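Read the structure below first, then the notes.
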Amino acid sequence: MRKKIVAGNWKMNLNFDEGQKLTSEIVNMLKDENVKDVSVVLNPPFPHLYPVKKLIGDTPNLYLGSQNCSDKASGAYTGETSAGMLASFGAKFVILGHSERREYFKESNELLTAKTKQALENGLTPIFCCGEPLEIREAGTHEAYVTQQLTESLFGFSPEEMSKIVIAYEPIWAIGTGKTASSEQAQEMHAAIRKHLGSKFGQELANNISILYGGSCNPSNAQEIFSKPDVDGGLIGGASLKSRDFVEIVKSF
Ligand code: PEP
């Protein structure tokens, strides 16, 4: 059985008090809800990580994730944060390859391989993002574009390593735009991604990999998107900043 996962990506939002308030609200709401078969992940910016972890405490099925980690293990890399540091205080997930990092920080598939390796070596679950820009979707070459991203960054890993990676399909034209992919578009790409992973790592392994959808997911569309057979949850940006909306999405399976 594949894991169902809903991960909130706060991006570069919220000051300390706002982050504490949001986390406390989510912790309290999740305690009242029966969502035991869904793993919920909060991915705040670095300064929030440890205090958010404290608030999460032992809340069942609620985990801490980072939005990034270094491709290096340690050393003179001013401004960087290693996967080992994140794991040392209880982070369990790390988002890698988000389109904003690919675009604004010029993160290449090669760099993302190194970051993924660091995450895996330190016991973090990478939430590995892929997705096409609008012009690629309009040209009809989105499947080739996304499968190439995955080939270049992940196909050097062993099946055992690959089995620990979560994929997030995030069409760039749907991120933060209010324009969601239709559930059919999401299903089509998730099935293509799973088939592609299967071509390298075997279909059985691919069938056990969670593939999340990301891109303007909200409480009104989550249920429809999550109902598709190859969609195993969501990576949520804007709607993860509102506790009620985020928890409604968690309840959408
Ligand atoms: C994201 O940043 O991963 C994302 C999906 O953002 P939004 O939900 O705001 O589109």
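The values are calculated or read from the model by the stated rules, or taken from the named source; none is laboratory data. Computed from a prediction, not measured in an experiment: that's the story for all the values here. Cβ: placed from backbone, ideal geometry, glycine included. Neighbour counts: every protein chain shown. Protein only, heavy atoms only, side chains kept; ligands, DNA and RNA dropped before computing areas. Shrake-Rupley method; radii C 1.70, N 1.55, O 1.52, S 1.80 Å.
Checking every one of the trypsin sites (Lys or Arg not before Pro) in segment 78-111 against DSSP loop status and a limit of 10 other Cβ atoms within 10 Å picks out K106. Computed over the chain, the per-residue total of -39500 (n - 2.57) for DSSP H runs of n ≥ 4 gives a 222 nm mean residue ellipticity of -12500 deg cm²/dmol, rounded to 500. Roll a 1.4 angstrom probe over the protein heavy atoms and tell me the percent of accessible area of the chain that is carbon or sulfur. Taking all protein chains in place, the chain shows 50 percent carbon and sulfur surface.
Give me the distance between the Cα centres of segment 62-87 and segment 6-49, rounded to whole Å. Segment 62-87 and segment 6-49 have Cα centres spaced 19 Å from each other. Think of each Lys and Arg Cβ as +1 and each Asp and Glu Cβ as -1; about the Cα centre, that makes the dipole of segment 54-135 roughly 280 debye. Working from Cα pairs under 8 Å separated by at least six residues, relative contact order for the chain is 21 percent.
To the nearest 20 Debye, how big is the dipole of the chain about its Cα centre, given +1 on the beta carbon of each Lys and Arg and -1 on that of each Asp and Glu?
So the magnitude is around 480 debye.
Global dimensions of segment 14-118 from alpha-carbon coordinates: Rg and Dmax equal 14.9, 46 Å. The mean of 1/r over all pairs of different alpha-carbon atoms in segment 156-238, once inverted, gives a Kirkwood hydrodynamic radius of 13.0 Å. Ligands, DNA and RNA are left out, and with a 1.4 angstrom probe the accessible area of segment 1-69 is 50 Å² per residue.
For L96, nonlocal amide neighbours, meaning residues 5 or more places apart or on other chains whose placed amide H falls under 5 Å from its own, are I127, F128, C129. In terms of accessible area, using a 1.4 Å probe and ignoring ligands and nucleic acids, T116, T141 rank largest first as T141, T116.
Could you name the lysines whose alpha carbon sits less than 29 Å from that of K31, not counting residues in the same chain fewer than 8 places away? Output for K31: K3, K4, K11, K21, K53, K54, K92, K164, K228, K242, K251. The figure for S227 is an accessible area of roughly 80 square angstrom, using a 1.4 Å probe on the protein chains alone. Measuring with a 1.4 angstrom probe and ignoring ligands and nucleic acids, E18 comes out at about 90 Å² accessible.
Computed over the chain, the percent of Cα pairs more than 29 Å apart is 23.
State in Å² the accessible area per residue of segment 101-166; use a 1.4 Å probe, count heavy atoms of protein chains only, and round to the nearest integer.
49 Å²
Projecting label points 7 angstrom from Cα along Cα→Cβ for F46 and K21 puts them 2.6 nm apart.
Computed from phi, the 3J(HN,Hα) profile of segment 153-170 under the Karplus parametrisation 6.51, -1.76, 1.60 (θ = phi - 60°) reads 9, 10, 6, x, 7, 6, x, 4, 5, 4, 5, 9, 9, 9, 9, 10, 8, 10 Hz, with x in place of Gly and Pro. Heavy-atom accessible area for R244, with the other protein chains in place and a 1.4 Å probe, reaches approximately 130 Å².
A simple rule links phi to the HN-Hα coupling: the Karplus curve 6.51 cos²θ - 1.76 cosθ + 1.60 with θ = phi - 60°, which for segment 26-31 gives 5, 4, 5, 5, 5, 5 Hz, with x for Gly and Pro. Listed values for segment 70-80 are Karplus-derived 3J(HN,Hα) couplings in whole Hz (6.51 cos²θ - 1.76 cosθ + 1.60, θ = phi - 60°), namely 6, 8, 10, 7, 5, x, 7, 10, 3, x, 8, and x replaces Gly and Pro.
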